[in-house]
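Enquirer: Pasting a structure below so you can have a look.
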Amino acid sequence: MKITLEKRAMASNFMTYASPIIAIGLTVVIGGIIFLLAGYNPLNALYYYFVDPVMSLWSIEEVVVKATPLVLIGAGLAICFSANIWNIGAEGQLTMGALAGAFIPVMFTDWQSPIGLVLMLLMGVGGGAAWAAIAAFLKNRFNVNEILTSLMLVYVAQYILDWFVRGPWRDPKGFNFPKSVDFEGWQLLPTYGDGRMHIGAIIAVIVVVILAIMMSRSMKGFEIKAIGNSRRAGAFAGFSYKSMTWFCFLLSGALAGLAGIIEVAGPAGHLQPTISPGYGFTAIIVAFLGRLNPIGVLMAGVLLAISYLGGDGAQMELGVSAKTAQVFQGMLLFLILACDTLIRYKIKFSVSQKSTEGALV
Amino acid sequence: MIGIEAVILTIITASTPLLLAAIGELVVERSGVLNLGVEGMMVMGAVCGFIATYYSGSLILGVVAAILAGVLMSLLFGLLTQTFVTNQMATGLALTILCLGLSGLVGEPFTGLPGAKLPALYIPYLTDIPYIGKIIFGQDALVYLSLILVFFVQYVLFRTRVGLIIRAVGDSHVSAHALGYNVVRVRYLCIMFGGACAGLAGGYLSLAYTPQWIENMTSGRGWIALALVVFATWMPRRILFGAYLFGTVWIMGLYVQGIGLGIPSQLLSALPYIVTIIALVIISRNKQLTKLNTPACLGQQFVPDR
């Protein structure tokens with residue numbers, strides 16, 4: 001069989017939106033087949049993964065809590081990737097944001113004030129942006145590949161956090177556990193509902209709206225897309241690639257840092273060696289699934305949050321390993337990328353007589 | 001005091017996986033493809049190699065399984081980037097994310113189980129030579145293979161017709177296509193070679209370096225291998241130097257930790273990653289050097305229209 005790609009005259013608008021839906025559909029089908037082969041009732045398993053998490057108020061709140069960091073980081077990365085700038089170290093920026101923000105409750109344990117909380121969030125933003133700035137600086141000044149530096153900095157950030165929670169910032173009353181003091185009162189985000197949902201979700205929605213307006217209505221949004229489509233064309237229009245690198249890294253780093261401090265001042269309530277189950281990497285999937293569009297990222301973030309929760313649920317109910325969730329997430333990204341080919345190309349399958357010749361392998 | 005000999009032996013075992021993965025990726029990049037999935041292919045090689053050896057008891061089968069796992073994963077990458085012309089950077093990332101998840105799932109029941117270790121070569125008399133005997137004549141087969149591979153790749157890339165075609169495809173896929181070479185096929189084969197090397201590098205980790213399976217046991221080595229290719233400015237022999245340099249840094253961190261000079265262990269553990277960044281800065285700041293050797297079509301998509 002022969003697969004040929006035929007270029008469309010224009011990128012298909014329909015496929016831009018259909019592609020993620022096809023990809024989700026394929027992921028569900030393949031997931032079902034895998035469950036079937038593993039000896040589970042596929043419908044039952046898929047129910048626990050994708051439906052059960054939204055069937056009770058408690059779990060819906062939990063989905064919101066998990067979607068918050070994914071949406072915040074994913075929205076920033078969507079801007080980066082739109083400009084063809086590759087920040088893949090959001091996990092490290094999240095870590096440094098959490099660490100910077102935690103400075104206030106750890107150092108001023110008794111300070112109870114809304115100003116303190118606002119300061120915490122701002123320091124989280126600053127910490128994430130500062131960590132991202134390293135990669136941007138090295139890229140602009142020394143021409144260093146930003147993919148590799150931003151990723152290496154993830155490991156460095158995680159070791160720094162580890163040192164702080166085991167060393168200088170360890171809770172003296174924590175029975176030697178590697179954790180900081182527990183945050184209290186105004187050192188935590190105000191919560192709603194049953195107690196886990198916090199105002200972080202509202203912040204995330206506001207960020208998404210601002211970024212959506214920026215991308216669709218402002219000159220900056222046009223600049224991002226122009227540089228992303230063609231760096232050369234962008235240069236002719238007078239858009240500087242270097243300042244765009246700064247802008248994208250600082251913005252996505254700031255949002256990742258915000259997600260980090262929100263995670264620590266929200267669900268966690270203290271620093272510990274691991275503060276994120278890989279939100280920074282999952283957010284890459286969120287950005288692509290959301291079509292690199294902030295509103296799309298909001299929906300994609302909720303979907304992936306459901307899969308996180310579904311993974312835990314399926315483990316409890318069926319004894320399926322929670323790690324299947326990560327496999328689903330990886331598979332989803334793969335399938336989206338494959339389906340995105342349909343935006344620019346038509347795929348033709350034909351059985352050729354001479355099967356040895358012309359096959360695309 | 002720890003003997004110098006022991007230190008050198010551990011440096012060799014720490015450097016070999018970096019060397020294997022990097023030499024494979026070098027060939028991939030020379031053909032104009034950037035596969036960011038090295039970390040993923042490595043970790044799949046590690047888990048499959050371990051499981052195959054665990055069930056069969058055969059280390060050879062383990063090594064073969066590791067290679068096959070790497071090739072299989074690289075084919076997935078090839079299918080997307082070459083047949084479906086997807087963005088190479090995004091696809092490589094997707095491969096790594098998928099493989100890290102998949103290896104964690106597949107390897108879950110095997111975590112921490114004791115595994116078999118690749119045997120070291122023993123040549124009577126030669127291996128017994130004090131100091132250098134064990135270092136030169138007492139390694140496992142993959143160490144020697146990795147060294148041979150470097151010179152093999154060097155030879156093929158710069159002394160044979162095949163190498164010329166690979167470099168032509170990487171430097172100008174349009175011209176290579178016009179000359180009648182099947183760009184996509186060449187790239188598929190290079191991607192598979194890279195996958196085999198990455199899988200083997202992963203297998204080395206779970207069958208020789210630390211003979212067991214631990215989740216995410218590659219801990220960024222695939223990414224360091226990618227950095228090594230840049231560091232070596234796409235020259236095979238410089239990869240050899242780079243891999244051993246990074247291996248040395250990795251091991252020195254561990255030894256200093258063992259001695260305990262009051263330096264925080266986290267700083268020492270972070271050292272390989274920091275050194276990678278510094279090395280990249282040193283090489284990349286020389287724009288001419290990188291520009292001269294970077295395959296001109298690296299990361300670009302190619303669709304054979306006619």
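The values are calculated or read from the model by the stated rules, or taken from the named source; none is laboratory data. Just so we're clear, the structure is a prediction, and the values are computed from it rather than from any experiment. Glycine also receives a Cβ, built like all others from the backbone with ideal geometry; neighbour counts cover every protein chain displayed.
Enquirer: Taking the stated definitions as given, is B:V85 aliphatic (A, V, I, L, M), at pLDDT below 95 and under 30 Å from B:V186 (Cα atoms)?
Expert: Spelling it out, B:V85 is indeed aliphatic (A, V, I, L, M), at pLDDT below 95 and under 30 Å from B:V186 (Cα atoms).
Enquirer: If you don't mind, another one. Just need a number here: residues in the range A:211-231 that are of a type in the set (A, V, I, L, M, F, W, C) and loosely packed, with under 13 Cβ neighbours inside 10 Å.
Expert: 2
Enquirer: Same structure again: Would you please name the residue that is farthest from B:V230 (Cα to Cα), looking only at residues in the range B:250-281 that are part of a loop (DSSP other than H, G, I, E, B) and of a type outside the set (G, A, S)?
Expert: Among them, the one singled out is B:L261.
Enquirer: Another one. Using beta carbons and a limit of 7 Å, which pairs, at least six apart or on different chains, have the first residue in the range A:308-333 and within 12 Å of chain B (Cβ to nearest Cβ) and free of Cβ contacts under 8 Å to residues at least 12 places away in the same chain and the second one assigned to a helix (DSSP H, G or I) and among the polar types (S, T, N, Q)?
Expert: Hits for this filter: A:S321/A:Q315; A:A322/A:Q315.
Enquirer: Identify, by number, the condition in (1) touching a residue at least 40 places away in the same chain (Cβ under 8 Å); (2) within 30 Å of B:L36 (Cβ to Cβ); (3) touching a Pro at 6+ places or on another chain (Cβ under 9 Å) that A:H198 doesn't meet.
Expert: With respect to (1) touching a residue at least 40 places away in the same chain (Cβ under 8 Å); (2) within 30 Å of B:L36 (Cβ to Cβ); (3) touching a Pro at 6+ places or on another chain (Cβ under 9 Å), A:H198 is out only on (2).
Enquirer: Among the residues in the range A:76-98, are any part of a loop (DSSP other than H, G, I, E, B), more than 22 Å from the chain's Cα centre (by Cα) and modelled with pLDDT of 90 or more?
Expert: The answer is no; no qualifying residue exists.
Enquirer: With the requirement that a residue be part of a helix (DSSP H, G or I) and charged (D, E, K, R), what does the range A:125-184 give you?
Expert: Those that are part of a helix (DSSP H, G or I) and charged (D, E, K, R): A:K139, A:R141, A:E146, A:D162, A:R166.
Enquirer: For the range B:88-99, which positions are within 22 Å of A:N145 (Cα to Cα) and within 7 Å of another protein chain (Cβ to nearest Cβ)?
Expert: Within the range B:88-99, B:M89, B:A90, B:T91, B:L93, B:A94, B:I97 meet the criteria.
Enquirer: Right, next: Which numbered condition trips up A:W169, out of (1) of a type in the set (A, V, I, L, M, F, W, C); (2) within 14 Å of chain B (Cβ to nearest Cβ); (3) surrounded by 20 or more Cβ atoms within 10 Å (Cβ to Cβ); (4) closer than 30 Å to B:A225 by Cα?
Expert: Status for A:W169: all satisfied but (4).
Enquirer: What residue, among those in the range B:194-221 that are aliphatic (A, V, I, L, M) and not in a helix (DSSP H, G or I), is nearest to the chain's Cα centre (by Cα)?
Expert: So, considering only residues that are aliphatic (A, V, I, L, M) and not in a helix (DSSP H, G or I), the one nearest to the chain's Cα centre (by Cα) is B:M217.
Enquirer: Pairs under 6 Å by beta carbon, first residue modelled with pLDDT of 90 or more in the range B:207-218, partner acidic (D, E), six or more apart or different chains?
Expert: B:A208/B:D140; B:T218/B:E39
Enquirer: A follow-up question, please. Give the residue that is farthest from A:V320 (Cα to Cα), with candidates limited to residues of the range B:101-133 that are among the aliphatic types (A, V, I, L, M) and within 22 Å of the chain's Cα centre (by Cα).
Expert: B:A120
Enquirer: Let me spell it out: the conditions are (1) within 12 Å of chain A (Cβ to nearest Cβ); (2) surrounded by 16 or more Cβ atoms within 10 Å (Cβ to Cβ); (3) touching a residue at least 12 places away in the same chain (Cβ under 8 Å); (4) within 19 Å of the chain's Cα centre (by Cα), and B:S269 meets all of them except one. Which number is the exception?
Expert: Of everything listed in (1) within 12 Å of chain A (Cβ to nearest Cβ); (2) surrounded by 16 or more Cβ atoms within 10 Å (Cβ to Cβ); (3) touching a residue at least 12 places away in the same chain (Cβ under 8 Å); (4) within 19 Å of the chain's Cα centre (by Cα), B:S269 misses just condition (4).
Enquirer: Can you name the residue in the range B:159-193 that is in a helix (DSSP H, G or I) and among the small types (G, A, S) and is also nearest to B:V33 (Cα to Cα) among such residues?
Expert: The extreme case among them is B:G170.
Enquirer: Also: List, please: which pairs have Cβ atoms under 7 Å, are six or more places apart or on different chains, and start with a residue in the range B:286-303 that is closer than 27 Å to B:G78 by Cβ and end with one that is modelled with pLDDT under 85?
Expert: B:V303/A:L5
Enquirer: Please determine, by comparing only the residues of the range B:57-81 that are polar (S, T, N, Q) and surrounded by 24 or more Cβ atoms within 10 Å (Cβ to Cβ), which one is nearest to B:D140 (Cα to Cα).
Expert: B:S74
Enquirer: Here is a check on your reading of the model: is B:A243 under 19 Å from B:V64 (Cα atoms) and crowded, with 17+ Cβ neighbours inside 10 Å?
Expert: no
Enquirer: Can you find a residue that is within 14 Å of chain A (Cβ to nearest Cβ), in a helix (DSSP H, G or I) and of a type in the set (A, V, I, L, M, F, W, C) anywhere in the range B:45-64?
Expert: yes
Enquirer: Just checking, does the range B:135-145 include any residue being among the polar types (S, T, N, Q), modelled with pLDDT under 95 and under 20 Å from the mean Cα position of the chain (by Cα)?
Expert: Yes, that holds for at least one residue.
To keep it simple, each residue is scored yes or no on (1) under 22 Å from A:A23 (Cβ atoms); (2) in a helix (DSSP H, G or I).
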residue	(1), (2)
A:I275	no, no
A:F281	yes, yes
A:G310	yes, yes
A:E317	no, yes
A:C339	yes, yes
A:I343	yes, yes
A:K346	yes, no
A:F349	yes, no
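Enquirer: A:G32: more than 14 Å from chain B (Cβ to nearest Cβ), surrounded by fewer than 21 Cβ atoms within 10 Å (Cβ to Cβ) and not acidic (D, E), yes or no?
Expert: yes
Enquirer: Please tell me if B:R187 is crowded, with 18+ Cβ neighbours inside 10 Å and within 13 Å of chain A (Cβ to nearest Cβ).
Expert: Yes; evaluated as a whole, the condition is true for this residue.
The rows are residues; the columns are (1) in contact (Cβ under 8 Å) with a residue 40 or more places away in the chain; (2) touching a Gly at 6+ places or on another chain (Cβ under 7 Å); (3) more than 14 Å from chain B (Cβ to nearest Cβ).
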| site | (1), (2), (3) |
| --- | --- |
| A:G127 | yes, yes, yes |
| A:L138 | no, no, no |
| A:L153 | yes, yes, no |
| A:A157 | yes, yes, no |
| A:V207 | yes, no, yes |
| A:G221 | no, no, yes |
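Enquirer: If A:I85 satisfies all but one of (1) out of contact with any Phe, Trp or Tyr (no Cβ under 9 Å at 6 or more places or on another chain); (2) crowded, with 17+ Cβ neighbours inside 10 Å; (3) of a type outside the set (G, A, S), what's the number of the condition it fails?
Expert: (1)
Enquirer: Can you tell me which of B:E25, B:E39, B:E29, B:E5 is part of a helix (DSSP H, G or I), over 18 Å from the mean Cα position of the chain (by Cα) and either closer than 16 Å to B:L200 by Cα or not β-branched (V, I, T) (or both)?
Expert: Going through B:E25, B:E39, B:E29, B:E5 in turn, just one is part of a helix (DSSP H, G or I), over 18 Å from the mean Cα position of the chain (by Cα) and either closer than 16 Å to B:L200 by Cα or not β-branched (V, I, T) (or both): B:E5.
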